[in-house]
Every structure is written in C-alpha cells, then in structure tokens.
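> Dumping the structure here so I can ask a few things about it.
The values are calculated or read from the model by the stated rules, or taken from the named source; none is laboratory data. Just so it is clear, the model here is predicted, and its values are computed rather than measured. Heads up, the Cβs are rebuilt from the backbone with ideal geometry, glycines too, and the neighbour counts pull from every protein chain shown.
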Amino acid sequence: MRPLQMLFAGLLLGVGVASASAQAPIVNAVVRHRPATTSVAREVQTIAQEGIPAWIGYKVPIVSSRGTQLRDTGNCCGRCRLEPATDLIVLARVADRELLELRTEAVDCDIDAAGMPLFWIDGVKPEDSVAWLSSLIGGTSSRPSRFDERVLTAIALHATPAAGPALVTFARTGATATLKGRALFWLAQRAASEALPAINRALDDDPDTQVKKQAVFALSQMPKDEGIPRLIELARTHKNIEVRRQAMFWLGQSRDQRAVDFFASILK
C-alpha cells in the first residue's frame with residue numbers, strides 16, 4: 001500500500017476516535033482538531049507558520065461524477081464501504097512554512113498513520129475550499145510537476161455550484177494546454193451547464209490545436225444526446241482537420257446509431 005493511502009486511511013480512523021464529525025477511527029496519529037473559524041486559506045497559513053512537517057485535512061461533499069472511479073478497491077484493506085463515498089477528503093502537506101503537496105481521496109481503510117501530525121479542520125464550507133484551491137494554481141515552481149492538475153481535480157470533485165465557474169475560468173485562461181484540457185474534461189464529467197459553452201469556446205477561439213483536441217475529447221464525455229450531434233457537426237464542418245479527425249475517432253468509439261448513420265452517409 002502506498003504511503004499516502006496509509007496516511008489517508010489513518011486520517012479517517014483517527015479523526016473518528018477524536019470526534020464524531022469524521023468517519024472512522026485512527027491509530028498511531030497525532031490529531032489536532034480546529035474549527036474553521038476563518039477562511040481555509042488563513043487556517044492553512046496559520047498551521048504552516050508553525051514550521052513543522054504535517055498534514056492538514058478536511059472534508060467536503062463529493063460530486064457524483066459520471067464514469068469516474070473514485071475508489072481503487074484493489075488497494076483497500078480492512079474496512080471498506082460498499083456504498084459510494086459521500087465525502088471528499090482534501091489533504092495538504094506543509095513543511096518549512098510552505099505548502100508542498102495536495103491530495104484528494106475518497107477511500108475507507110484501516111491503516112496506521114505512523115505518528116505523523118495531522119491538523120483536522122472541522123466545518124469547512126465547500127465554496128471556501130474551492131476559492132482556496134483555485135488560488136493555488138499557477139503558484140511556486142517548487143511544487144510537484146502535476147500539482148496544478150491535482151488541485152484542478154480536487155476542485156472538480158467538490159459538490160458545490162462554485163466548482164463550475166472555477167473550472168470555466170481555467171478552461172479559458174489556464175497557463176498550459178494540459179490545464180485547459182483537464183478543466184474541459186472535468187466540466188464534461190460534471191455535466192455542468194457551463195460545459196458545452198466552454199467546450200465550444202475552446203473549439204472556436206483557442207489558438208492551440210492541442211486544446212481543441214482536448215475539447216473534442218471532453219465533448220465525447222458529455223451525455224450522448226448533447227455530445228453526439230455536436231461531434232457529427234464538427235466532423236462535417238470544422239475548419240481544423242485535427243478537430244475533424246478527433247471528432248470522427250470519438251464518434252467511432254461511441255457505438256451510437258447516429259454515429260453509424262453518419263459514417264454510412266460518408267461511405268455513400
């Protein structure tokens with residue numbers, strides 16, 4: 001089992017021992033509870049200023065994302081819930097007064113937390129969490145290379161209306177094609193009302209072909225009654241040949257009768 005999974009599972013266990021507000025007990029952990037009396041950003045900053053290596057954790061409601069497997073049951077041990085998770089656990093690692101790592105999990109497992117300090121913030125509001133996470137993207141280069149993508153995923157998994165506009169912002173103004181593409185992907189997975197307009201904007205206006213290709217992929221993740229007609233339209237008329245190719249590819253993967261009829265019309 002990976003060290004982070006051990007930490008996370010221990011987190012769930014330990015918080016339960018110390019407080020009824022969490023999901024399960026922890027063993028061998030130094031758990032310190034604190035209420036969310038200020039913003040998440042201020043709470044994390046205050047804890048980080050103590051200067052000790054530690055994890056900071058809190059939970060928010062998790063979105064039901066179509067087609068996204070949030071749990072890896074092959075890595076679970078001990079106590080594993082059969083029902084879908086209802087909470088997202090956000091974990092931030094601090095050391096030397098800096099935020100170095102961020103992870104999210106939705107797993108239940110009985111694990112020893114190895115005595116690492118864990119600050120658990122009670123009562124975090126989902127919209128406040130989204131605001132804090134959004135502020136982290138594009139920060140210091142000392143963080144892991146995929147830090148921004150992990151933060152974006154954390155935002156997307158929040159069951160709050162605040163997540164949609166945040167994803168739209170990164171789909172439009174993300175610093176890299178990868179970040180824009182992941183934002184489009186998560187918008188489609190959430191089936192948010194903002195998804196199709198953001199995807200169309202990327203297809204029509206973004207100068208980067210890689211972003212356009214990611215937008216086509218995101219479109220393929222939409223509910224079929226929304227995605228298939230638009231993919232057919234792109235395959236027929238889009239001026240970018242790569243967009244047309246990608247649209248045809250994902251139509252072929254869809255196994256939708258409308259896609260079959262489209263290819264039959266081309267062959268004729």
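> Please work out which residue is farthest from S135 (Cα to Cα), limiting yourself to the range 152-184 and to residues that are β-branched (V, I, T) and surrounded by 17 or more Cβ atoms within 10 Å (Cβ to Cβ).
Checked the range 152-184; the qualifying residue farthest from S135 (Cα to Cα) is T160.
> Here's something else I'd like to know. Please specify each residue of the range 237-256 satisfying the condition of being free of Cβ contacts under 8 Å to residues at least 12 places away in the same chain and surrounded by 10 or more Cβ atoms within 10 Å (Cβ to Cβ).
Scanning the range 237-256 gives T237, R244, R245, F249, G252.
> Somewhere in the range 200-207, is a residue in contact with a helix residue (DSSP H, G or I) (Cβ under 9 Å, 6 or more places away or on another chain), in contact (Cβ under 8 Å) with a residue 12 or more places away in the chain and outside any helix (DSSP H, G or I)?
Yes - at least one qualifying residue is present in the range 200-207.
The rows are residues; the columns are (1) of a type in the set (D, E); (2) modelled with pLDDT of 95 or more.
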{"residue": "A188", "(1), (2)": "no, no"}
{"residue": "A192", "(1), (2)": "no, no"}
{"residue": "I199", "(1), (2)": "no, yes"}
{"residue": "D208", "(1), (2)": "yes, yes"}
{"residue": "V211", "(1), (2)": "no, yes"}
{"residue": "E226", "(1), (2)": "yes, no"}
{"residue": "N240", "(1), (2)": "no, yes"}
{"residue": "V243", "(1), (2)": "no, yes"}
{"residue": "F249", "(1), (2)": "no, yes"}
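> Moving on to the next point. Please determine whether any residue of the range 221-237 is under 25 Å from L179 (Cα atoms), under 28 Å from the mean Cα position of the chain (by Cα), of a type in the set (D, E) and part of a helix (DSSP H, G or I).
Yes - at least one qualifying residue is present in the range 221-237.
Listed here are the residues, each with its yes/no results for (1) closer than 16 Å to A159 by Cβ; (2) modelled with pLDDT under 55.
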site: P61; (1), (2): yes, no
site: G78; (1), (2): no, yes
site: D87; (1), (2): yes, no
site: L91; (1), (2): no, no
